[in-house]
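Taking it in order: structure first as structure tokens, then the write-up.
The values are calculated or read from the model by the stated rules, or taken from the named source; none is laboratory data. If you're wondering where the values come from, they're calculated on a predicted model, not measured in any experiment. Reconstructed Cβ throughout: ideal geometry from the backbone, glycine too, with neighbour counts over all protein chains shown. Ligands, DNA and RNA are excluded from the accessible area calculation, which covers all protein heavy atoms including side chains. Shrake-Rupley method; radii C 1.70, N 1.55, O 1.52, S 1.80 Å.
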Amino acid sequence: FSVSGLFLPQQQQIPQQPVQTHYPSPNRLVAIGDLHGDLEKSKQAFRLAGLIDGSDRWCGGSTTVVQIGDVLDRGGEELKILYFLEKLKREAVKSGGQLITLNGNHEIMNIEGDFRYVTKKALEEFDVWAYWYDIGNKMKSLCHGLEIPKNPFHGIPPSFHRVPEEFSHSIRARIAALRPDGPISRRFLANNLTVLVVGDSVFVHGGLLEKHVDYGLQRINDEVRDWINGSMGQRAPEYCRGRNAVVWLRKFSDEFAKNCDCSLLEHVLATIPGAKRMIMGHTIQEIGINGACDNRAIRIDVGMSKGCINGLPEVLEIDRNSGLRVLTSNPMYQNKNQYAQTKEGLGLLIPERGPKQVEVKA
């Protein structure tokens, strides 16, 4: 285990499991929005929900947690978060809980080599990874009986048009790590889901249209995993590209509720047996986690990363007995008597300005 926290013993790696798209409703379900390379804010969100203790160990018991994607870009601690989440996955399983992670549009972008939102600090982190990964490969090559490791840089050009020479090695390292069948993409991102159904809640980074449901949610998860593992070429599947893609859609995420296509959302949910709501990230909600379309659309990206709007961490909790509520670190919501209560806990209090959260936990 290195002092940088970027390497874990390989024997502890979670073996790949068959893709599971549907999960039963747990007693407690927690949803966490976009993390974007901010490790400390990520930990704050998990602490807010009572999922980790002061030593960053899982203490969430049997809770099911869904992280909605977009770990990558905008911040400089992407790899540290990926390892942090993997550690929590192992610890959660031992306690009867589970942590499920999704692909966001920024995971898809990076696997395709689109680095528009990468920071200098993030490039440095991948430089460190490449240095130690290369040393590890050289050590393996000295051992008789071991398969000669693949060169992760194979086929990657030494320089790039319009990229300053000082960043060429970092860009090469990032491509090597994250391209289809890359060491980081295969180890971490291939284990992500792209669409998830837990009980009566549908999770997706951007949103779903009827054509996505008709294509098949299980089929989408299987194909995205196969693509990340390197068996479907360099380009992402079509339903992951473009404004109407499952990781890019914003039809149900506008902060102004009147701009959300509620009739379309109702139609899509009706095609998914038992689905009552769609929970999405991707579009920053400056007013915090909120519900639109009579709480059929729940938007949980609060832009908490310092690389976004440095928003105060919030998480969504769905309790089998008490329903939905927002857990927030925003002090303005601590006096719950300021706001009208609703049965679901996420009502539209000021329709002309958009939805507000109404129930919180210190």
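Checking the structure you have, find out if any residue of region 102-115 is open to solvent by less than 50 Å² (accessible area, probe 1.4 Å), among the hydrophobic types (A, V, I, L, M, F, W, C) and in a loop (DSSP other than H, G, I, E, B). Even if it seems obvious, please write down each step before you answer.
Quick first cut of region 102-115, residues open to solvent by less than 50 Å² (accessible area, probe 1.4 Å) only: 102-111, 113-115.
Adding the requirement that they be among the hydrophobic types (A, V, I, L, M, F, W, C) leaves 102, 108-109, 111, 115.
Still in the list and also in a loop (DSSP other than H, G, I, E, B): 115.
The answer is yes, given that some residue of region 102-115 is open to solvent by less than 50 Å² (accessible area, probe 1.4 Å), among the hydrophobic types (A, V, I, L, M, F, W, C) and in a loop (DSSP other than H, G, I, E, B).
For region 41-53, what are the residues that are in contact (Cβ under 8 Å) with a residue 24 or more places away in the chain and part of a helix (DSSP H, G or I)? Steps first, answer last, please.
Filtering region 41-53 down to residues in contact (Cβ under 8 Å) with a residue 24 or more places away in the chain leaves 41-46, 48-49, 51-52.
Scanning region 41-53 gives Lys41, Ser42, Lys43, Gln44, Ala45, Phe46, Leu48.
Could you identify the single residue in Leu249, Leu264 that is touching a Lys or Arg at 6+ places or on another chain (Cβ under 8 Å) and crowded, with 21+ Cβ neighbours inside 10 Å?
Of Leu249, Leu264, the one residue that is touching a Lys or Arg at 6+ places or on another chain (Cβ under 8 Å) and crowded, with 21+ Cβ neighbours inside 10 Å is Leu249.
Kindly establish whether Leu51 is within 16 Å of the chain's Cα centre (by Cα) and modelled with pLDDT of 95 or more.
no
Looking at (1) aromatic (Phe, Trp, Tyr); (2) under 18 Å from Ile68 (Cα atoms); (3) in contact with a strand residue (DSSP E or B) (Cβ under 8 Å, 6 or more places away or on another chain), which is the one condition that is false for Trp248?
It fails just one condition, (3).
Checking the structure you have, find out if any residue of region 186-205 is small (Gly, Ala, Ser), in contact with a strand residue (DSSP E or B) (Cβ under 9 Å, 6 or more places away or on another chain) and either surrounded by fewer than 22 Cβ atoms within 10 Å (Cβ to Cβ) or touching a residue at least 24 places away in the same chain (Cβ under 8 Å) (or both). Explain how you work it out, then say what you get.
Quick first cut of region 186-205, residues small (Gly, Ala, Ser) only: 190, 199, 201.
Next, only the ones that are in contact with a strand residue (DSSP E or B) (Cβ under 9 Å, 6 or more places away or on another chain) stay: 199, 201.
So of that shortlist, the ones also either surrounded by fewer than 22 Cβ atoms within 10 Å (Cβ to Cβ) or touching a residue at least 24 places away in the same chain (Cβ under 8 Å) (or both) come out as 199, 201.
Checked against the condition, which is being small (Gly, Ala, Ser), in contact with a strand residue (DSSP E or B) (Cβ under 9 Å, 6 or more places away or on another chain) and either surrounded by fewer than 22 Cβ atoms within 10 Å (Cβ to Cβ) or touching a residue at least 24 places away in the same chain (Cβ under 8 Å) (or both), region 186-205 yields at least one hit.
Any idea which of (1) within 30 Å of Gly323 (Cα to Cα); (2) at pLDDT 95 or above is the one Asn191 doesn't satisfy?
Answer for Asn191: the failing condition is (2).
Name the single residue, out of those in region 277-286 being touching a strand residue (DSSP E or B) at 6+ places or on another chain (Cβ under 7 Å) and in a loop (DSSP other than H, G, I, E, B), that is most open to solvent (accessible area, probe 1.4 Å).
Among residues in region 277-286 that are touching a strand residue (DSSP E or B) at 6+ places or on another chain (Cβ under 7 Å) and in a loop (DSSP other than H, G, I, E, B), the one most open to solvent (accessible area, probe 1.4 Å) is Thr283.
Okay, residues lined up against (1) open to solvent by less than 20 Å² (accessible area, probe 1.4 Å); (2) in the same structural domain as Ile228 (by the TED database):
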{"residue": "Leu82", "(1), (2)": "yes, yes"}
{"residue": "Arg90", "(1), (2)": "no, yes"}
{"residue": "Leu146", "(1), (2)": "no, no"}
{"residue": "Arg162", "(1), (2)": "no, no"}
